[in-house]
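One structure is given below, encoded as structure tokens.
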């Protein structure tokens, strides 16, 4: 009988130094490809040079487009990498990007769950990286004093960068090793998306048009021709729409924390301790259409300034009602020692 050597997986938050190393490797990879491409274009152009100074056409145009495409290629590379949860540099240094946003599924184990951010949160994270560079890199430097080593784009996309440590453990089955808990490195929060603004197709269209109108007015004041404006304005409209979507995801969520429910939207922030929750009411999602979204209401007790007990309630819409209610009721039960009333 051959003995199996199982792999025990440990997950810990990635250090700033290790994340910096991964970013340097990514920069070196993309930079090397760009430099090699530039050299190849220049060598080809040199062979076709007619004696005039500078690059001859069409090589001058090709080289200009190639140089200007670097930011676009970097954005696309980061978007794809953020969506799948790993870049070239992070793979080399055993780092992964993990989302703390709940997704439909039977269970949510935040210790060894290989959950990736996905296309949507990957886009939010990439836009956050762009925003974090603008104030002299403050968005990246934020990880130096953040207790979870999170940057701005981590917080905007509800992600953590973690380090994967795998060590051989003899006499341990693969299932047991993957189920091993790592209490000191566990991600403590579970975040659920609420219905972010804008909520209607008309709102999305208004964002796009406002971006186009804004850049059109700015370019007209600068004396730019209409032909150039018609090319540039749709791109700025798309950019305004993407940035608004990213901010909408960042500003609207419900988070299950170790001791309370935290609700955030642009107008209000509310913390509800699990011990004060008395009732959870939900709209039954339409299982026939596969729609998991719906409204959730939480009734809880609190005290006013005179320490008189009062009843309050909050209501919000979620993209995954069933998972949220299941997780919330189990946490309330664990804290209070008795099941909470759930009305559907």
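Taking the number of Cβ atoms within 10 Å of each Cβ as an exposure proxy, the fewest-first ranking of 72, 161, 217, 340 is 72, 217, 340, 161.
Between residue 312 and residue 283, what is the FRET efficiency for a Förster distance of 22 Å, r being their Cβ-Cβ separation, to the nearest 0.05?
Details: r = 20 Å, r/R0 = 0.91.
It comes to 0.65.
How big is the Kirkwood radius of segment 201-251, worked out from every pair of different alpha carbons and given in Å to one decimal? It would help to have the intermediate numbers written out before the result.
Numbers: mean 1/r = 0.0887 Å⁻¹.
After inverting the mean inverse Cα-Cα distance, the result is 11.3 Å.
Note on segment 253-343: percent of Cα-Cα distances in each 5 Å bin, starting at 0 and stopping at the bin with the largest distance, equals 3, 13, 24, 25, 18, 10, 5, 1, 1, 0. Where both residues lie in segment 253-343, what percent of DSSP beta bridges are antiparallel, nearest 5? Here the antiparallel bridges make up roughly 90 percent for segment 253-343. Taking other C-beta atoms within 10 Å as the exposure proxy, 152, 226 rank 226, 152 from fewest upward.
Provide 213, 65 in ascending order of the number of other Cβ atoms located within 10 Å of each residue's Cβ, fewest first. Walk me through the intermediate numbers first.
Numbers: 213 14, 65 11.
Fewest-to-most Cβ neighbours within 10 Å comes out as 65, 213.
No lab work stands behind these numbers, since they all come straight from the coordinates. Since the structure is predicted, the reported quantities are computational estimates derived from the model, not experimental observations. Counting neighbours? That spans all protein chains shown, and the Cβs are built from the backbone with ideal geometry, glycine included.
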